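The values are calculated or read from the model by the stated rules, or taken from the named source; none is laboratory data. Only a predicted model underlies this, so the values are computations on that prediction, with no experimental measurement involved. No Cβ is skipped: glycine too gets one built from the backbone with ideal geometry, and neighbour counts run over all protein chains shown. In case anyone asks, the SASA skips ligands and DNA or RNA and just uses the protein heavy atoms, side chains included. Shrake-Rupley method; radii C 1.70, N 1.55, O 1.52, S 1.80 Å.
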Amino acid sequence: DVAEWFNEHGGGNRSPDLYGGFVEYVFEPARTEFLHKVMAMLPQHALTILSETNLKSYFGRAEKDRFAEWCRYQTSLILPLRNDLSQRVFDALLAGLIPLVPEEIKDLDDVVPRELQESLPIIRFRMKDPASAVAAYRLAVERFAQGGEEAARARHVHALENHMFASR
């Protein structure tokens, strides 16, 4: 289904605004504080913070609609809760976005070698440094402009062929 969805929604102009949706967990206030700092540093962004009590506003939507939303952007911020390798990295690639992933996520190197991270690209930043995330975002926008629609499709194909449950 996702290959068909990408053919329908993956091409065309994409917003350069940094994309990402995050749940505001009471047990992880530092993550929410980090997000607020990044949002303040990037007045033009598409970052959202959802209340734990209002998850249906996003997760209640059809998967195809959520995927189409992802395909409207060039970059996606990844902020895992416990330094885990989030599925969001592969969802972002699947939608053709350039994911921004914290350096602290060491498992990524075991799944996607650094050389491949550079060529896709996957851009790394320091999780406790909002300025680092903003710098990574700016680099990602440049890299998206260089590769355009062809590179977005290459990210999609890479995720489709290597990071779906069927390929594992």
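Remark: the stretch 34-168 carries 52 Å² of accessible area per residue (probe radius 1.4 Å; ligands, DNA and RNA excluded).
Assuming a viscosity of 1.002 mPa s and a temperature of 20 °C, what translational diffusion coefficient in µm² per second does Stokes-Einstein assign to the stretch 55-123, Rh being the Kirkwood radius over Cα pairs?
168
Note on residue 41 and residue 114: their simple-model spin labels are 2.3 nm apart, each label 7 Å out from Cα toward Cβ.
Across the chain, the volume of the C-alpha convex hull divided among the residues equals 112 Å³ per residue. Looking at the stretch 17-79, the chymotrypsin sites (Phe, Trp or Tyr not before Pro) that sit in a DSSP loop and have at most 14 other Cβ atoms within 10 Å of their own Cβ are 25, 27.
Taking all protein chains in place and a 1.4 Å probe, what share, in percent, of the accessible surface of the chain do carbon and sulfur account for?
On the way: 4480 of 8770 Å².
The value for the chain is 51 percent carbon and sulfur by accessible area.
Within the same chain, aspartates and glutamates fewer than 8 places from residue 56 are excluded, and of the rest, those with a Cα less than 17 Å from its Cα are 24, 65, 69.
An ellipsoid equivalent to the stretch 81-168, defined through the eigenvalues of its Cα gyration tensor, has semi-axes of 20, 17, 10 Å when rounded to whole angstrom and sorted largest first. Computed with every protein chain present, the accessible area of residue 111 is close to 70 Å² [probe 1.4 Å].
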